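**Student:** Here it is: the structure, laid out below.
Values in this text are rule-based calculations from the coordinates and carry no lab data. Please read these numbers as outputs of a predicted model, since none were measured by experiment. Every residue, glycine among them, receives a Cβ derived from its backbone with ideal geometry; neighbour counts consider all protein chains shown.
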Amino acid sequence: QVQLVESGGGLVQPGGSLRLSCAASRNIFSINSMGWYRQAPGKAREWVATITSGGISNYAVSVKGRFTISRDNAKNTVYLQMNNLKPDDTAVYCCYARIEGVNVWGQGTQVTVSS
């Protein structure tokens, strides 16, 4: 299997930027689908973005144009660049890897957007 560790969360003002990282414990070259979900207090978990092994990315409507997902197979890491952050982006962001039909999850990193 694989273990995932997220980092890069924190407190940022509205309009600011953060880059989240998801480091995997092994080579991710063969993992076709990796991405991010988020969950805000009192709300359901929300899919944010996905990237395939071929580099094809998809985004939730709420973040499209502001967030960019990327992957560096050499570093076994997936990134989420978040720009023009809004208070509604406040949530715990979790990375996942889809392996043999099952999602493997990281522990999450808190992102708080507030003035």
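**Student:** What length, rounded to one decimal in nm, is gained on full extension from Asn27 through to Ile56, with 0.36 nm per residue of separation minus their alpha-carbon distance?
**Tutor:** 8.6 nm is the gain from fully extending Asn27 to Ile56.
**Student:** I'd like to know how the chain sits against the 2.2 N^0.38 Å rule of thumb: what's its Cα Rg over that expected value?
**Tutor:** 0.99
**Student:** Could you tell me what percent of the DSSP beta bridges with both partners in the chain are antiparallel, to the nearest 5?
**Tutor:** So the antiparallel bridges amount to about 90 percent of the total.
**Student:** Something else: Give the list, by residue number, of cysteines in the chain with no other Cys Cβ closer than 4.7 Å, or say none.
**Tutor:** Singleton cysteines: Cys94.
**Student:** Something else now. Note down the net charge around Asn76, summing +1 for each Lys or Arg and -1 for each Asp or Glu among other residues with Cβ under 15 Å from its Cβ.
**Tutor:** Within the 15 Å Cβ shell, the charges total +1.
**Student:** Using the Cα centre of the chain as the reference point, and only Cβ charges (+1 on K/R, -1 on D/E), how large is the resulting charge dipole? Debye, rounded to the nearest 20.
**Tutor:** 80
**Student:** OK, next. Ala60: net charge of surrounding residues, Cβ under 15 Å, Lys/Arg +1, Asp/Glu -1, itself excluded?
**Tutor:** Residues close to Ala60 contribute a combined charge of +3.
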